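These notes are about the structure you will find just below.
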Amino acid sequence: MVTKSSVAGAVTPPSSASTAPALAAPAPVCDLTVIVPTFNERANVATMVERLHRALEGIAWRAIFVDDNSPDGTAEAVKAIAAVDPRIQCLRRIGRRGLAGAVVEGMLASASPFVAVIDGDLQHDETLLPSMLKVLRAGDAELVIASRYTAAADAEVEGLAPVRQLGSQFANWLGRLVLRQHVSDPVSGFFMIRRDLVDPVAAKLAGEGFKILFDLIASQPRRLKIVELPYTFRERLAGASKLDQRVVVDYLGLLISKVSGGVIPTRALLFGLVGASGVVISLAAFAGLRQVGTPNELAQLFASLIAMASNYLINNEITYRDRRRRGWGLLLGYVKFCALCSIGLLANLAVFSLVIKWAPQYPLVASVAGTGFGALWNYMTTSVAVW
Ligand code: GDD
Ligand code: MN
């Protein structure tokens, strides 16, 4: 009985649909699943559903909101609609955060031939969805990207602050370099793809960061047929952006990890970069302490402790942001970090002397080997014992 009325509903959508999301029943076949990642978007949920309903008239669609247990009750808002609209689903993830991971899980939960991803904050223009689907259905592309940077959309991105615009364009430029394919907006959060292209690469996709589209393209074994459609990025009206520095750093890490064929994980890379910053800080601290008359040995000791503290704090904020230590745990972590890195330094020296004994004519090689080993030790042990 339910099925019967469902099918009827799909054929003739209710006319009272203009205000509330209509009670349209599920179509016999779902052509398109729209994945909507959300974190604290409660105020935008109802409008989002309403707009999807209007934009996708005549298309058999579903939407999966993937919510990372937002404290503002986004999931409850979605479920309230899902209770009366079978096209809507809420996937609530507990104990996890991350746009990319949320998108991947949503896509994997879908079963339609086509799947789209759109932000849940109304910044993306949902009226573009039917044109995107048309391109995919016609076989003109396997992936359609809604782009903020095509000639038509122009370089002016209205919804972004100037600094974000520059950053976003730089990220795009780097992305193009890595993809070796012209994509004007490879970090767009708005796209539609053939569903069957997702499963084979799902295991390769990084769960962190914002760059799911880029990752999806870079992970394919071959070049995809891509079409880009221009749109204007809208201003955010409710809620706040979750894109912060960590996301930018993540993206750089993802780029390098892709260039290296996935050999270098993002975290190890970040850890290495932070380590390099520590060298600079240590040198600066040493010079400063000498300036104020600190004896050489003491200056070197303090400089090392300062560098270790800064390495520790930066790693805590960036590299291991998701497992950040706080309060007493922060202090205890610092002690452990210093202890492990000191052992790392001994290991570094041991390897150095070993190599220099074999090849006394190559002190630089010995130094690189020692430093590399020490860094590896620090990374492996602190990742387990500190974070
Ligand atoms: N489930 C989940 N988990 N959703 C998240 C998370 C998370 O950790 N972080 C953000 N979101 C959701 C937001 O609720 C929103 O619906 C969407 O993902 C985009 O997040 P925003 O925080 O609004 O991103 P933005 O507008 O600053 O960034 C836009 O531009 C970027 C490129 O510059 C987005 O379109 C990004 O996808 C895009 O990469
Ligand atoms: Mn946004």
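Just give me the residues in the range 67-79 being open to solvent by 10 Å² or more (accessible area, probe 1.4 Å) and closer than 9 Å to residue 45 by Cβ, in sequence order.
77
All but one of (1) without any contact (Cβ under 8 Å) to a residue 12 or more places away in the chain; (2) open to solvent by 40 Å² or more (accessible area, probe 1.4 Å) hold for residue 359, so report the exception by its number.
Evaluating residue 359 over (1) without any contact (Cβ under 8 Å) to a residue 12 or more places away in the chain; (2) open to solvent by 40 Å² or more (accessible area, probe 1.4 Å) leaves (2) as the failure.
Do you know which residues across the range 257-267 are open to solvent by 30 Å² or more (accessible area, probe 1.4 Å) and either modelled with pLDDT of 90 or more or within 18 Å of residue 379 (Cβ to Cβ) (or both)?
The answer is 260, 262, 263, 264, 265, 266, 267.
Considering only residues that are assigned to a loop (DSSP other than H, G, I, E, B), buried (at least 20 other Cβ atoms within 10 Å of the Cβ) and near ligand 1 (Cβ under 9 Å from one of its atoms), which ones fall in the range 86-104?
98 - this is the single residue of the range 86-104 that is assigned to a loop (DSSP other than H, G, I, E, B), buried (at least 20 other Cβ atoms within 10 Å of the Cβ) and near ligand 1 (Cβ under 9 Å from one of its atoms).
Yes/no per residue for (1) open to solvent by 10 Å² or more (accessible area, probe 1.4 Å); (2) modelled with pLDDT of 95 or more:
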position: 5; (1), (2): yes, no
position: 33; (1), (2): no, yes
position: 37; (1), (2): yes, yes
position: 50; (1), (2): yes, yes
position: 56; (1), (2): no, yes
position: 81; (1), (2): yes, yes
position: 84; (1), (2): yes, yes
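From the list 115, 135, 144, 103, exactly one residue is modelled with pLDDT of 95 or more and under 18 Å from the mean Cα position of the chain (by Cα). Which is it?
Just a single option satisfies the conditions, and that option is 103.
Only residues that are assigned to a loop (DSSP other than H, G, I, E, B) and either modelled with pLDDT of 90 or more or within 16 Å of ligand 2 (Cβ to nearest atom) (or both): list them for the range 188-219, please. Reasoning before the result, please.
At the first step, the residues of the range 188-219 found to be assigned to a loop (DSSP other than H, G, I, E, B) are 188-190, 198, 205-211, 219.
Across the range 188-219, the qualifying residues are 188, 189, 190, 198, 209, 210, 211.
Specify the residue that is least open to solvent (accessible area, probe 1.4 Å); the eligible residues are those in the range 318-340 that are part of a helix (DSSP H, G or I), at pLDDT below 90 and in contact with a helix residue (DSSP H, G or I) (Cβ under 8 Å, 6 or more places away or on another chain).
Filtering the range 318-340 for residues that are part of a helix (DSSP H, G or I), at pLDDT below 90 and in contact with a helix residue (DSSP H, G or I) (Cβ under 8 Å, 6 or more places away or on another chain), the one least open to solvent (accessible area, probe 1.4 Å) comes out as 319.
Which residues, counting only those in the range 236-251, are within 10 Å of ligand 1 (Cβ to nearest atom) and either surrounded by fewer than 12 Cβ atoms within 10 Å (Cβ to Cβ) or modelled with pLDDT of 80 or more (or both)?
Passing the criteria: 236, 239, 240, 241, 244.
Restricting attention to the range 126-144, and to residues there that are farther than 23 Å from residue 215 by Cβ and assigned to a loop (DSSP other than H, G, I, E, B), which single residue is least open to solvent (accessible area, probe 1.4 Å)?
139
The values are calculated or read from the model by the stated rules, or taken from the named source; none is laboratory data. Predicted, not measured: the structure shown is a model, and the values here were computed from it. Cβ coordinates were reconstructed from backbone atoms using ideal geometry, including for glycine residues, and neighbour counts include every protein chain displayed. Accessible surface is based on the protein model in full, side chains and every heavy atom, while ligands, DNA and RNA are left aside. Shrake-Rupley method; radii C 1.70, N 1.55, O 1.52, S 1.80 Å.
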